[in-house]
Amino acid sequence: MSDLTEEQLVEIKKIFSKYDVDDNDTIDWGEFCKMVDEQDVELSLKDKTVVFDKMDANHSGMISFEEFTVCWKKRD
Ligand SMILES: [Ca+2]
């Protein structure tokens, strides 16, 4: 199922780690907001909630690297 190359995975991991500030291998709400704020996109709090909820596929309140990778694939 995974069609990402090793290189792409390394790249995604790099981005993921950058925003996983407390290094617990998940992106929580606070870290997610920081990530969004650093992009050149204007998202309302409501939009952020929707995006976060979409990325957090199992609704654990945190985005795992796996969930992050899945979203990355959908982006392209
Ligand atoms: Ca984290």
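The values are calculated or read from the model by the stated rules, or taken from the named source; none is laboratory data. It should be emphasised that the depicted structure is a prediction, and the values quoted were computed from it without experimental measurement. Glycine also receives a Cβ, built like all others from the backbone with ideal geometry; neighbour counts cover every protein chain displayed.
Assorted remarks:
- In the range 18-47, the residues that are at positive phi and loosely packed, with under 10 Cβ neighbours inside 10 Å: D23
- Residues in the range 1-46 that are basic (K, R) and within 10 Å of the ligand (Cβ to nearest atom): none.
- Pairs, first under 16 Å from H59 (Cα atoms) in the range 19-48, second at pLDDT below 95 and within 16 Å of the ligand (Cβ to nearest atom), C-beta under 6 Å, six or more apart: K48/V36
- Pairing each residue of the range 51-76 that is under 16 Å from I15 (Cα atoms) and among the acidic types (D, E) with any residue that is modelled with pLDDT of 95 or more and not in a helix (DSSP H, G or I), provided the two are 6+ apart or on different chains, yields C-beta distances under 8 Å for E67/D56; E67/A57; E67/N58.
- Considered as a group, the residues in the range 47-57 that are in contact with a strand residue (DSSP E or B) (Cβ under 9 Å, 6 or more places away or on another chain) and among the hydrophobic types (A, V, I, L, M, F, W, C) include one that is farthest from the ligand (Cβ to nearest atom), and that residue is A57.
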